[in-house]
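Since the structure comes first, as structure tokens, the remarks are kept for the end.
The values are calculated or read from the model by the stated rules, or taken from the named source; none is laboratory data. What you see is a predicted model, and the numbers here were worked out from it, not measured in a lab. Glycine gets a Cβ as well: all are built from the backbone with ideal geometry, and neighbour counts include every protein chain shown.
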Amino acid sequence: MPTTQESMNTPLVVGTPSPWTRLSKRLVIWGCFFLILYLIRDFMFVAFMTFIISYIALHAVDFGLRRLSPARERIWLRRLLTLTVFILGPFLLVVAGIIVLPPLIAQGQRMAGWLIHVSPEAEISRLLEQYVAPAEFRQQYGSPTDPRYKAALEEFRKTGESHVADYLEFPKYESWVEGGFEKEFDANERARIRSALLSEGTSSKEFETWFLAEKAPELVANDSPAKASANESPLKISPSAAPEELLAEARREPAVLTLLQSEWIQSEQEKAIHRSKASPDREAKFQAYYEEMHDKSPKTFPYSYEQYIALQKARSQGRVAFGNTVENLFPSDEAKRESQIEADFVAAKKHEVFKNWWATSSPAQFIRNKVGNDLTLSTETTARVERMLTSFLNVPIDLSTAILLSFLICIDFPRVKRACQGLRETWLKDVYDELAPALSRLAMLVGRAMQAQGLISLCNSVVMFFALTFLGVEHAMLLAVAMFVLCLVPTIGTFFAWILIVSVALVQPGGGVGLALKASVAVIAVVVLEVFVFSPRILGSLMELHPVLIIAVLPVAQYFFGIWGLILATPVAVFVINVIIFGGKEETTSSSPSSPR
């Protein structure tokens, strides 16, 4: 064993970095890499789709090369196959978009329109009424043989009320119908008006009339000393300026004119929407919309258009008028008249005792406070939901950008690969040696994992679409697409999809607990298929990770990288644990696609 003195005299090898130096360098390199990822997180969709498209295209091209030219690499054949893939791929996407996108956007607009009209407190109280009302009714009126029950029934006969359950359910049905139509109608009307006004321009007589009648007086009023500090005018206004002079000055200022044009269009849109509420054109379009929905979903839309309008008018006149209208539209069997009266009595009294419980009991007060604090759909919340539901409109532009970038990468992939390898001869040699091997293995793992998980999500969404359509759950396509996106997040994605599906099944007209239970059974069936059929055949053991670890990793990934953190958290965690920590290699299953040459 060398002595201390001998150790001190042992010369150090010149140029060999110490372990702490190597560790510090690796930490700096990886820290900068993750910082760059964090800074460009807003562009993750384009980057992620570019990676996925390139991964799939390179695999397809590599498959063709192995079949057509297994012995040698032919650049012209690679480029020809790449061109073929990027012609057929977008063509299939356009065909799929033509089939799927219009109903998907329509269902999203209807869902957003219904959310504007929905009251969370009313929906929760309606669900609670199914369970609380029977107990409260029995406590107050007892059984049909109870004197209290008989006395109350006789009093109810004198009111002349009938079809009480239909009367109580009609507002929910009306909100679903009107909300779904209004959002779609308003969006189409706004687009039509905007197109017409943009074609007229600010030199038109319509713009001049609006400016002189509305905007000029507003500008003069806001320029007064009392309002000038709070709402400064974009124009230089003198107290004696005539409206025509303000218009001429505005037309000389392009920036001001652009702002005025936007305000003019918005003002005219609001006035046109207000006028259209009672226009014959709106009524005709609403009738066409209603009849189309009635033909598609007779269970959800049980009334014809004429019946709906008659019931809508009668309901404003009270329970008796509504019941008489229902009786005229759907005459009751004389033999069942007595049982109908008793059913109406029970429905009316259950609703009455539940309203008393909802207004006075401590549990109800606690629920109302929570609903008021957490679930009230303010204008900001509603706008956020609308933006989320209509965000699909931005997908085609971002997807086109990703396809173009992927094409430029794949068409000359060997040269791109050599250019990246050339970084080893530059001052970035240490960065390349540290990142390139790890990122290459990570890219292969993420590509295989996303390809497999995407195929599993597609199978789940297709099965769920047919199941929801069969059960009669509304917005089946929108819910199926939502399930496809959510199932890209392993473990918890299916749970959130179940919550979304059950919520729609609970609140839709004709829905309720029974339909929600059926939808839950369908979700469980999809989970069983995923666990025992889809995952073993498609995913294999590629993404084996304990559910507890997945749930622990997902919140952290979501906090830093949003939705893309949720999607990529699992494959990245598998790579870090299996490759970086334990120093192994990610498993390549027989079902995984081979890497490109």
Val326 being closer than 30 Å to Thr159 by Cβ and loosely packed, with under 15 Cβ neighbours inside 10 Å: no
Note: among Thr469, Thr491, just one is in contact with a Pro (Cβ under 6 Å, 6 or more places away or on another chain), outside the structural domain of Met49 (by TED's automatic domain parsing) and either among the small types (Gly, Ala, Ser) or surrounded by fewer than 18 Cβ atoms within 10 Å (Cβ to Cβ) (or both), namely Thr491
Of those in region 287-301 that are in a loop (DSSP other than H, G, I, E, B) and over 17 Å from Met111 (Cα atoms), the residue modelled with the lowest pLDDT is Lys299
Of the residues that make up region 457-465, is at least one touching a Pro at 6+ places or on another chain (Cβ under 6 Å) and not in a loop (DSSP other than H, G, I, E, B)? no
Residue identified as basic (Lys, Arg), more than 46 Å from the chain's Cα centre (by Cα) and outside the structural domain of Thr469 (by TED's automatic domain parsing) among Arg126, Arg148, Arg138: Arg148
So Glu544 fits all but one of (1) crowded, with 20+ Cβ neighbours inside 10 Å; (2) modelled with pLDDT under 80; what number is the exception? (1)
Could you go through region 508-520 and let me know if any residue there is modelled with pLDDT of 85 or more, among the charged types (D, E, K, R) and in a helix (DSSP H, G or I). yes
Just to be sure I understand the filter: pairs with C-beta atoms under 6 Å, separated by 6 or more residues or on different chains, first member in region 43-56 and at negative phi, second member surrounded by fewer than 17 Cβ atoms within 10 Å (Cβ to Cβ) and of a type in the set (Asp, Glu). Which pairs pass? Phe45/Asp398; Val46/Asp398
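Okay, residues lined up against (1) at pLDDT below 80; (2) surrounded by 13 or more Cβ atoms within 10 Å (Cβ to Cβ); (3) out of contact with any Ser or Thr (no Cβ under 6 Å at 6 or more places or on another chain):
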{"position": "Thr3", "(1), (2), (3)": "yes, no, yes"}
{"position": "Leu23", "(1), (2), (3)": "yes, no, yes"}
{"position": "Leu37", "(1), (2), (3)": "yes, yes, yes"}
{"position": "Val85", "(1), (2), (3)": "no, yes, yes"}
{"position": "Val95", "(1), (2), (3)": "no, no, yes"}
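Is it the case that Leu439 is out of contact with any Leu (no Cβ under 8 Å at 6 or more places or on another chain), in the same structural domain as Ile567 (by TED's automatic domain parsing) and surrounded by fewer than 21 Cβ atoms within 10 Å (Cβ to Cβ)? Don't jump to the end; show me each part of the working.
Numbers: out of contact with any Leu (no Cβ under 8 Å at 6 or more places or on another chain): yes; in the same structural domain as Ile567 (by TED's automatic domain parsing): yes; surrounded by fewer than 21 Cβ atoms within 10 Å (Cβ to Cβ): yes.
Yes; evaluated as a whole, the condition is true for this residue.
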Mind telling me which of the residues Ser175, Ser162 ends up being over 30 Å from Glu244 (Cβ atoms), touching a residue at least 60 places away in the same chain (Cβ under 8 Å), among the hydroxyl-bearing types (Ser, Thr, Tyr) and not in a helix (DSSP H, G or I)? Ser162
Pull out all pairs, ordered by first then second residue, where Cβ-Cβ is under 7 Å, the residues are six or more apart or on different chains, the first lies in region 489-513 and is within 21 Å of Ser535 (Cβ to Cβ), and the second is not in a helix (DSSP H, G or I). Pro490/Met543; Gly493/Cys487; Thr494/Cys487; Ala497/Cys487; Ile501/Val473
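Please find, within region 49-58, the residue that is nearest to the chain's Cα centre (by Cα) out of those that are of a type outside the set (Gly, Ala, Ser) and buried (at least 18 other Cβ atoms within 10 Å of the Cβ).
Once the filter is applied, the top-ranked residue is Met49.
Look through region 308-326, keep the residues that are of a type in the set (S, T, N, Q) and more than 34 Å from the chain's Cα centre (by Cα), and return whichever of them is nearest to Ala343 (Cα to Cα).
Ranking the qualifying residues of region 308-326, first place goes to Asn324.
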Do we find a residue being loosely packed, with under 13 Cβ neighbours inside 10 Å, polar (S, T, N, Q) and not in a helix (DSSP H, G or I) anywhere in region 135-143? yes
Residue hits (region 61-75; surrounded by fewer than 14 Cβ atoms within 10 Å (Cβ to Cβ) and either of a type in the set (Asp, Glu) or within 12 Å of Phe413 (Cα to Cα) (or both)) are Glu73, Ile75
Test each condition in (1) assigned by TED's automatic domain parsing to the domain that holds Ile524; (2) in contact with a Leu (Cβ under 9 Å, 6 or more places away or on another chain); (3) modelled with pLDDT of 85 or more; (4) buried (at least 16 other Cβ atoms within 10 Å of the Cβ) for Ile411 and report the one that comes out false. (1)
